[in-house]
Structure formats: C-alpha cells, structure tokens
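Here's the structure we're looking at; comments come further down.
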Amino acid sequence: MPAARHRPYRSVLYIPACNARAMEKAKSLPADAIIFDLEDAVAPAEKDAARAALVIALQGDYGARARIVRVNGADTIWGAADLAAFARHSGADALLLPKVGAAADLDAAHALAPEKPLWAMMETPLAMLNAAQIAAHPALAGMVMGTNDLAKDLGARHRSDRLALQSALGLCLLAARAHGRIIIDGVYNAFRDDAGLAAECAQGRDMGFDGKTLIHPAQLPIANAAFAPSQAELALARRQIAAFEAACSAGQAVAVVDGKIVENLHIVAANALLRMAEAIAAME
Ligand code: COA
Ligand code: MG
C-alpha cells in the first residue's frame, strides 16, 4: 500500500465483519478503502464469530483497497481480543479505534501493535476539544468523523446543511491538517438518497476532507466522483503550471491565468491535484 498521504481515500466503505457476503463482494467494489467493522455494526452475540471470520477474510485479495479494521473499544470485553487478533495480521493495513477521547487513548494499542498505523474515530465532544493532541500522536495516520455518535452526544438535530456539526468538523480538519493526517468525513445515513449524499460529499470536499465514509455500495460512485479532481480542475492545474513556468523563465514570480493571480503556492496545489489524479488512475 502506498504511504497514506499519497493514496486516494475518496470512498471508505464500512462492512460489518459478520457479513461474509459483503466482505466477499468488496473485493470487486470501487472503494478506495474498507473499514471492516467489529464494533457497532456487529451484535454482541456475534462478536467472537465476526472476529474469527475477519481473520480469515483478510487473507483474501482486496487489491489496492486499504484495509482498516475497526476494533471494539478498550473498555469492552472484546477490545483486547480484537487488538490481539489484528496487531500482527498482515491483512490489516491499519487499526481504527472507536471513541478516542485523548491522545493517551492510543497508547495501549500502539504498544500492542507498534507496526500498525492507528486511526481514530472522532465522535465524542471530548475528542473535538482534544483533536490537536490526538492528531499529534506519532502512531496516528488518520481520523474518521463519527457524526452519528457526535450528534447524539451533542443533542444536535440533523440538518441538511450540517450547521450543528460545523465547529466539530472544522476542529478535526484543522487538527488533521496541522499534523499531516488523513481525515474522512462521516456517513450519510439515508443510503438510497443519492442527491442528499452528493450534496453532503460536495460540502465535505469543499471543506477539505479526503473522502467520505460510506455504508452501502450504491454510495461509492458518488463519493468517488465528488472527491476526485474534476477534468476542469485538472485542465486549470496544467495551464497554471505552464503559465507559471513561462513567467519564471521571464524572470517573474507571478503569472496570471483567467484573470487570476498564480503564485508558487498555487503550483504546489496544482501539482498535488495532478498527483492525486495519477494515484486514482492507478487504483482504477
Ligand atoms: N459493503 C459491501 N456490500 C454491501 C454493503 C456494504 N456495506 N451493504 C450492502 N452490501 C451488499 C449486500 O450484501 C447486497 O449484496 P448482494 O446483492 O450480492 O446480495 C447488495 O450490497 C445490496 O444490498 P441491499 O439489499 O441494498 O442492502 P441491505 O438491505 O442488505 O443492507 C444495510 C443495508 C445498511 C444494512 C447494509 O448496507 C449495511 O450493513 N451497511 C453497513 C453498516 C455499517 O457498517 N455500519 C457501521 C458504521 S456506521
Ligand atoms: Mg461510533
């Protein structure tokens, strides 16, 4: 798997580890990453069987898709067994810890699985207030917004503009970017509402999220399109690079494209966009 920052995470699909059919199906689905879930999508009576099934399923071929295992919390009777099962499992690219509230909540998993990148569910009010220290943890690779849990704890109502969640989304995004981590937006519950999902993806993309967590295969193409650079963005990036190179050759530090100023910082962004398009092409 390429380094976290240089691979796409447009679509991150949750699959309950108790659903063998869905785990098999995912080998051919256009997901950039998969979260194999042992936590909330698995009923208590099925936890042990789901863990055992996942150990075997992860020996299968998921291609370039990043394989992330969401374990049960350390405060549950399943948490320790989950960590033990996947700490050294070569099929798990990363471990996702639920209900992380502070950086210290990552220490025990990091001690058990020192080779595994850790991801944190950002889904409690305390996590929002501690987002900077969580993002700074040396083992942390990525953050996943747990917007359903967060809305519950806040007492927030669902709004299509997610106004009630903006401060939380913004805080986590700031923390992730300050420390160079991946950050994935929360799920869209109404999995048959394509227009609603597209609008929420557009909002997340505008804010700067790397991608969206998804619950159903029908959501994949919508997130993949929303979080990929568009043809227009790529064409503009190429024109900016060409214009800037010409300006530099003429001894200038600034170019103008479509009546807008182009400086070195725009070229950094343009190159990042082109690299992401290449990484997406390599996935597909
Ligand atoms: N990943 C992979 N495949 C999935 C899937 C998923 N998350 N959700 C559904 N599928 C598959 C089904 O197995 C089915 O495959 P089949 O046609 O080969 O039988 C196909 O997609 C169509 O499924 P559908 O009948 O439309 O959905 P459903 O009613 O079976 O399931 C949900 C709906 C929401 C229960 C299911 O999508 C799901 O469990 N999602 C994940 C929930 C989750 O992980 N939550 C925790 C994080 S919020
Ligand atoms: Mg949760």
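Here no strands (runs of 3 or more DSSP E) wholly within the range 165-266 include at least 3 residues being under 20 Å from MET122 (Cα atoms) and among the small types (Gly, Ala, Ser). Checking each residue in the range 227-246 for being in contact (Cβ under 8 Å) with a residue 12 or more places away in the chain and either small (Gly, Ala, Ser) or over 30 Å from SER11 (Cβ atoms) (or both) picks out ALA228, ALA237, ALA243, PHE244. The set of residues in the range 34-62 that are away from ligand 2 (no atom under 16 Å from the Cβ) and in contact (Cβ under 8 Å) with a residue 40 or more places away in the chain contains only ALA57.
Selection over the range 247-268 of residues that are among the aliphatic types (A, V, I, L, M) and touching a residue at least 24 places away in the same chain (Cβ under 8 Å) gives a count of 1.
Among the residues of the range 19-63, write down those that are touching a Cys at 6+ places or on another chain (Cβ under 8 Å) and surrounded by fewer than 21 Cβ atoms within 10 Å (Cβ to Cβ). Spell out the reasoning first.
Quick first cut of the range 19-63, residues touching a Cys at 6+ places or on another chain (Cβ under 8 Å) only: 41-43, 46, 49-50, 53.
Answer for the range 19-63, where residues must be touching a Cys at 6+ places or on another chain (Cβ under 8 Å) and surrounded by fewer than 21 Cβ atoms within 10 Å (Cβ to Cβ): ALA41, ALA43, GLU46, ALA49, ALA53.
Of all the residues in the range 63-100, those that are within 16 Å of ligand 2 (Cβ to nearest atom) and within 27 Å of ARG7 (Cα to Cα) number 12.
The condition of being in the same structural domain as PRO125 (by TED's automatic domain parsing), within 17 Å of the chain's Cα centre (by Cα) and aliphatic (A, V, I, L, M) does not hold for ALA22.
For the residues ARG205, ARG192, the requirement of being assigned by TED's automatic domain parsing to the domain that holds ALA33, among the basic types (Lys, Arg), touching a helix residue (DSSP H, G or I) at 6+ places or on another chain (Cβ under 9 Å) and free of Cβ contacts under 8 Å to residues at least 24 places away in the same chain singles out ARG205. Among the residues making up the range 81-125, those that are exposed (fewer than 15 other Cβ atoms within 10 Å of the Cβ), of a type in the set (A, V, I, L, M) and either without any contact (Cβ under 8 Å) to a residue 24 or more places away in the chain or out of contact with any helix residue (DSSP H, G or I) (no Cβ under 9 Å at 6 or more places or on another chain) (or both) are ALA104, ALA111. Total residues in the range 30-64 satisfying the condition of being farther than 13 Å from ALA85 by Cα and of a type in the set (Lys, Arg): the figure is 0.
Of the residues that make up the range 162-183, is at least one within 16 Å of ligand 1 (Cβ to nearest atom), modelled with pLDDT of 95 or more, of a type in the set (A, V, I, L, M, F, W, C) and over 19 Å from VAL71 (Cβ atoms)? Checked the range 162-183: at least one residue is within 16 Å of ligand 1 (Cβ to nearest atom), modelled with pLDDT of 95 or more, of a type in the set (A, V, I, L, M, F, W, C) and over 19 Å from VAL71 (Cβ atoms).
Counting only residues that are touching a Cys at 6+ places or on another chain (Cβ under 9 Å) and not β-branched (Val, Ile, Thr), which one in the range 170-208 is nearest to ASP32 (Cα to Cα)? Please lay out each step first, then the result.
Our first condition is that a residue be touching a Cys at 6+ places or on another chain (Cβ under 9 Å); within the range 170-208, this holds for 183, 185, 188.
Applying the additional criterion that residues be not β-branched (Val, Ile, Thr) yields 185, 188.
On the way: ASP185: 14, TYR188: 17 Å.
Among residues in the range 170-208 that are touching a Cys at 6+ places or on another chain (Cβ under 9 Å) and not β-branched (Val, Ile, Thr), the one nearest to ASP32 (Cα to Cα) is ASP185.
Is it fair to say ALA247 is at pLDDT 95 or above, in contact with a strand residue (DSSP E or B) (Cβ under 7 Å, 6 or more places away or on another chain) and of a type in the set (A, V, I, L, M)? When the stated conditions are applied, ALA247 passes them.
The values are calculated or read from the model by the stated rules, or taken from the named source; none is laboratory data. Everything numeric in this text was worked out from a predicted model, so none of it was measured. Neighbour counts run over all protein chains shown; Cβ positions are idealised from the backbone, glycine included.
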